[in-house]
Ligand code: C2E
Ligand code: MG
Ligand code: MG
Ligand code: MG
């Protein structure tokens, strides 16, 4: 700690801290530039009807196509975008892009196809959110029932009375709501009866490690229980992270409605996605 000309304390950072800070700052401005330069891209992972094993929709998953670093995973930039508020603009871009893409596919004759879009807690808690969703539906000409919004338990728990109201409004519009990463949040189950939702997405951590060799497998018990809770509440249940045939068989036998995972396909670009139809 040293004094400046006016006698105020100046904090000096260690070289390590300084690097960390400037890296963060530059990533933040890089994210802004990326948005302007349209470096973001959506990949699409099929949502498989468990009964027919056919593609019934796609989850849109963002990537950053960095000019020199190549494809950057959302895990590396979404948390930062959430910290600096850029997630609002990035999320808005993703929602609109996904709806435009769906419109193209529907115009090719895939009328019943839908798209599922991830919504960050900050986006969902933004007072303009419902209006923005309506505006994008109008602008892109997508029917509300063809759009599913994925929100996490974390997003719903931040302000429960607001969440109940927003979900009611979204239901009125006709948009579908899925609770993403279900089973990993810290919320109580009581909200399931208050929230106007359509789908529970069983978190992939329960599915990926689901093996049938082990009769005491706790993941299998949890997955089975979530399917039962969902169905008893008239909700659809999706399993994400399906990587093996035995997991598919297990989930199908227990009536899981929608399956998603590398077993069927990784997230792919729009050209590969259309081929999966
Ligand atoms: P998520 O919404 O839970 O998406 C599922 C993630 O699991 C995706 O990772 C997907 O590629 C991956 N995955 C799917 N099937 C399998 C599988 O069988 N095995 C394994 N190991 N992984 C599988 P991705 O694309 O890296 O996205 C990570 C997270 O980033 C997403 O988790 C979501 O929370 C967030 N995200 C992605 N796109 C957006 C977006 O547009 N907006 C917001 N707010 N968040 C996004
Ligand atoms: Mg998701
Ligand atoms: Mg998930
Ligand atoms: Mg996740």
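The values are calculated or read from the model by the stated rules, or taken from the named source; none is laboratory data. The shown structure was predicted, so the numbers you read here are calculated from the model rather than taken from an experiment. Positions of Cβ are generated from backbone atoms using ideal geometry, with glycine treated the same way; all protein chains shown enter the neighbour counts.
The criterion of at least 2 residues that are in contact (Cβ under 8 Å) with a residue 12 or more places away in the chain and in contact with a strand residue (DSSP E or B) (Cβ under 8 Å, 6 or more places away or on another chain) is met by the following strands (runs of 3 or more DSSP E) wholly inside segment 22-83: 40-49, 55-66. Report yes if residue 79 is modelled with pLDDT under 95, out of contact with any helix residue (DSSP H, G or I) (no Cβ under 8 Å at 6 or more places or on another chain) and within 16 Å of ligand 2 (Cβ to nearest atom), otherwise no. When the stated conditions are applied, residue 79 passes them. Among the residues of segment 111-134, is there at least one that is farther than 18 Å from residue 169 by Cβ, more than 16 Å from the chain's Cα centre (by Cα) and within 13 Å of ligand 1 (Cβ to nearest atom)? For segment 111-134, residues farther than 18 Å from residue 169 by Cβ, more than 16 Å from the chain's Cα centre (by Cα) and within 13 Å of ligand 1 (Cβ to nearest atom): absent. Test residue 226 against the stated conditions and say whether it is assigned to a helix (DSSP H, G or I), within 27 Å of residue 110 (Cβ to Cβ) and within 16 Å of ligand 2 (Cβ to nearest atom). Judged against the criteria, residue 226 is not a match.
None of 107, 69 is over 22 Å from the mean Cα position of the chain (by Cα), away from ligand 3 (no atom under 16 Å from the Cβ) and at pLDDT below 90 except 69.
If you check 138, 102 for being assigned to a helix (DSSP H, G or I) and either more than 22 Å from residue 201 (Cα to Cα) or at pLDDT below 95 (or both), only one passes: 138.
When 225, 211 are checked against the criterion of being over 24 Å from residue 60 (Cα atoms) and free of Cβ contacts under 8 Å to residues at least 12 places away in the same chain, 225 stands alone in meeting it. Take residue 194 and decide whether it is surrounded by fewer than 18 Cβ atoms within 10 Å (Cβ to Cβ), touching a helix residue (DSSP H, G or I) at 6+ places or on another chain (Cβ under 8 Å) and in contact (Cβ under 8 Å) with a residue 12 or more places away in the chain. Criteria met by residue 194. Scanning segment 145-187 for residues being assigned to a helix (DSSP H, G or I), under 14 Å from residue 122 (Cβ atoms) and more than 12 Å from ligand 1 (Cβ to nearest atom) gives a total of 5.
Note on segment 237-256: residues that are crowded, with 22+ Cβ neighbours inside 10 Å, more than 14 Å from ligand 2 (Cβ to nearest atom) and more than 16 Å from residue 212 (Cα to Cα) amount to 2. Counting the residues of segment 167-183 that are more than 14 Å from ligand 2 (Cβ to nearest atom) and under 18 Å from the mean Cα position of the chain (by Cα) gives 3. Residue-level analysis places residue 266 outside the set of residues that are more than 20 Å from the chain's Cα centre (by Cα) and either in contact (Cβ under 8 Å) with a residue 12 or more places away in the chain or surrounded by fewer than 20 Cβ atoms within 10 Å (Cβ to Cβ) (or both).
Among the residues making up segment 105-132, those that are assigned to a helix (DSSP H, G or I), away from ligand 4 (no atom under 14 Å from the Cβ) and either free of Cβ contacts under 8 Å to residues at least 24 places away in the same chain or closer than 24 Å to residue 160 by Cβ (or both) are 107, 122, 123, 124, 125, 129, 130, 131, 132.
Residues that are outside any helix (DSSP H, G or I) and surrounded by 20 or more Cβ atoms within 10 Å (Cβ to Cβ) were ranked within segment 199-223; the one that is modelled with the lowest pLDDT is 210. Restricted to segment 157-183, and to residues there that are surrounded by fewer than 17 Cβ atoms within 10 Å (Cβ to Cβ) and under 19 Å from residue 147 (Cβ atoms), the residue that is farthest from ligand 4 (Cβ to nearest atom) is 172. Under 29 Å from residue 37 (Cβ atoms) and either more than 16 Å from ligand 2 (Cβ to nearest atom) or in contact with a helix residue (DSSP H, G or I) (Cβ under 7 Å, 6 or more places away or on another chain) (or both): is that true of residue 121 in this structure? Answer is yes for this residue.
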